[in-house]
Amino acid sequence: MNRRLMRKVTNSVALGLSALATAVGLFFLGAILWTLISNGVAGMSVALFTQNTPPPGSAGGILNAIYGSVVMTLIGIVIGAPIGMLAGTYLAEYGRGSRLSSVIRFVNDVLLSAPSIIVGLFIYEILVLRMGHFSALAGGVALAVIAIPVTVRTTEDMLNLVPQGMKDASTAMGAYPWRTITSIIYPAARSGIVTGLLLAVARISGETAPLLFTALNNQFWSTNLRGPMASLPVDIFLFALSPYKNWQQLAWSGALLVTVTILILSITARIAVSAGGGGKR
Amino acid sequence: MGRPPFALEIMNTAAASFDTRHAARQRFREMLFKGATLCAALLVLILLGGVVLSLIHGAWPAFSHFGFGFLTREVWNPVTDEYGALAPVYGTLVTSLLAMLIAIPISFGIAIFLTELAPSWLKRPVGVAVELLAAVPSIIFGIWGLFVLAPVLQRHVQPFLIEWLGPLPLIGKLFHGPPFGIGVLTASVVLAIMVLPFISAVMRDVFETVPDVLKESGYGLGATTWEVIWKVVVPYSRTGIVGGIMLGLGRALGETMAVTFVIGNAHRISPSLLSPGTTISASIANEFTEAVGDLYTSSLVALGALLFVITFVVIAAARFMLLRLDRRALSSV
């Protein structure tokens, strides 16, 4: 009887602890969001979106940083997405089951979790040193290197969800594989692929480490892709660690902006998957 | 048998030549498309190769100048141009291991809650919330750690640790010194919160691969929920659990921004977990753009090369363990 009670108590305690662990995890998400909102909203103003980053002590906004982030994220996705999609297509269709594709898949998985600061060093060595100066282009390429493994992974997963029967039907009509892939498989997997792209954008738009010594930073308005460019994450980093109150305020507002953007992207991606039937998670 | 009418003959030849031209064009496009996908796939390999080569190239001056001593010396002095990797490597390993000590039990709890405990209406929202925590960029964890977590730890947690654990033999040394707020312990806590969602996502996916029949046989024998988890689910998914933990460890080792804010960037090894330290990625992030001189820059790249080797081993091991799992289940990590 006693032993039975012990087992019951152990059970309740263990399950109680696991519920507690979940509460702890949710608490941190809530705490971080709350801090961001309460500190960030205070700095929301028109000036934030219409003025450039100020010198210490005077007022200003983060217009140039927002512009820089958008531009470099676009460069990253424009370079990274096609490469990632094509490579994912190879893994899912042409190279399915081959030895080469299992090696590539493994390497891609390693790149997917490789530290992003290493990517920054890599681009610094091959682009910044070669060009002789920091540039927005180098920052965009660094982001592309991060976006590629994400896109490869999601594209392959999504193409694998397309029923084999559809591919067979197309092949039976005499279509070459490229025709089957572009006319049958891509449209069937469209919502899944779009989700993958959204996730890739979400991933690279918050990256800081790869931009630190590729795009560097720029206090002024600049549209020159061959010169240094400001970005939201790098400005958050510099401003948050500065001793000036107004810079810290800009950092909080920027942080809120970045996080809200990324969370909206992630949630949209999730909705796209469940609505488009691109696969159940 | 007469000859076919003239018109038909023309149509036949036209159709035949159209067929060959059409087929040739199709074959050409096929070759083009297949080649493009293959090139893109090979580029993934080239990327990894490029990373390795560029790191070796950039780190070479430091490695050849300091030799093996680079790994064993604690000195980091830009004035005398002497650099050693021991302090950052130590900091990287200690913060990551400590973070795993905190994160593993909590992730395990979350995974159990999500797979075995939560009613179905709660499963999805909680799961999504945990995944959103994973989507929050690391710099946000950094700024939150610096302005919110560090003061809380400094005021409420660290004095308590110093008072109660400081006098103890052996582990007491870990909790000596003033409560700085920022330091190794704070960095570990921030890292732990960051890797939580990754580890719990993998664990949840692994737990979900356990066949219901196995669990039901456990329940059929009269086991409690916890006994089924501990004696059926966990042993069945052991490899996957370890793989998930290693994946989290790989993230913690390479994490830059979250740590840079709260570690204090001090190039020394202190026995106390409360004092400032540094990690490889924090050193690079803090010093790279300000590094003057080839040897200084090269030493930082050499640190990066060391980080790459450490994370590569951990991540490769993790991926190898997770290979057997359904890949789709892991697409979030």
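The values are calculated or read from the model by the stated rules, or taken from the named source; none is laboratory data. What you see is a predicted model; the values in this text were computed from it and never measured. Here Cβ is always computed from backbone atoms with ideal geometry, including for glycine, and neighbour counts include all displayed protein chains.
Couple of notes before you dig in:
- Between A:A215, A:A169, A:A175, the distinction of being part of a helix (DSSP H, G or I), in contact with a helix residue (DSSP H, G or I) (Cβ under 9 Å, 6 or more places away or on another chain) and either more than 8 Å from chain B (Cβ to nearest Cβ) or touching a residue at least 40 places away in the same chain (Cβ under 8 Å) (or both) belongs to A:A169 only.
- Residues (over 21 Å from B:A135 (Cα atoms) and of a type in the set (S, T, Y)) located in region A:33-77: A:S45, A:T50, A:T53, A:S58, A:Y67
- Residues in region A:110-156 that are facing chain B (nearest Cβ under 7 Å), among the acidic types (D, E) and surrounded by 24 or more Cβ atoms within 10 Å (Cβ to Cβ): 0 in all.
- Region B:105-219 holds helices (runs of 4 or more DSSP H) entirely within its bounds, and those carrying 1 or more residues that are surrounded by 15 or more Cβ atoms within 10 Å (Cβ to Cβ) and at pLDDT 90 or above map to B:120-135, B:138-144, B:184-207.
- Just one of the numbered conditions (1) among the aliphatic types (A, V, I, L, M); (2) part of a loop (DSSP other than H, G, I, E, B); (3) in contact with an Asp or Glu (Cβ under 9 Å, 6 or more places away or on another chain) is not true of A:L250: (2).
- Looking across region B:220-239, the residues that are more than 11 Å from chain A (Cβ to nearest Cβ), farther than 30 Å from B:V94 by Cα and buried (at least 16 other Cβ atoms within 10 Å of the Cβ) come down to B:V232, B:V233, B:Y236.
The rows are residues; the columns are (1) more than 7 Å from chain B (Cβ to nearest Cβ); (2) at positive phi; (3) surrounded by 15 or more Cβ atoms within 10 Å (Cβ to Cβ); (4) outside any helix (DSSP H, G or I).
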site: A:M6; (1), (2), (3), (4): yes, no, no, no
site: A:T10; (1), (2), (3), (4): no, no, no, no
site: A:V13; (1), (2), (3), (4): yes, no, no, no
site: A:F27; (1), (2), (3), (4): yes, no, no, no
site: A:I32; (1), (2), (3), (4): no, no, yes, no
site: A:T35; (1), (2), (3), (4): no, no, yes, no
site: A:S38; (1), (2), (3), (4): yes, no, no, no
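- For region A:67-109, the set of residues classified as among the hydroxyl-bearing types (S, T, Y) and either buried (at least 21 other Cβ atoms within 10 Å of the Cβ) or under 24 Å from B:T37 (Cα atoms) (or both) consists of A:S69, A:T73, A:T89, A:Y90, A:Y94, A:S98, A:S101, A:S102, listed by residue number.
- Only a single item in (1) in contact with a Gly (Cβ under 8 Å, 6 or more places away or on another chain); (2) of a type in the set (G, A, S); (3) touching a residue at least 12 places away in the same chain (Cβ under 8 Å); (4) closer than 24 Å to B:I315 by Cβ is not met by A:A81, and it is number (1).
- Any hit, region A:50-60, residues being more than 14 Å from every other protein chain (Cβ to nearest Cβ), of a type in the set (V, I, T), in a loop (DSSP other than H, G, I, E, B) and over 30 Å from A:N108 (Cα atoms): yes
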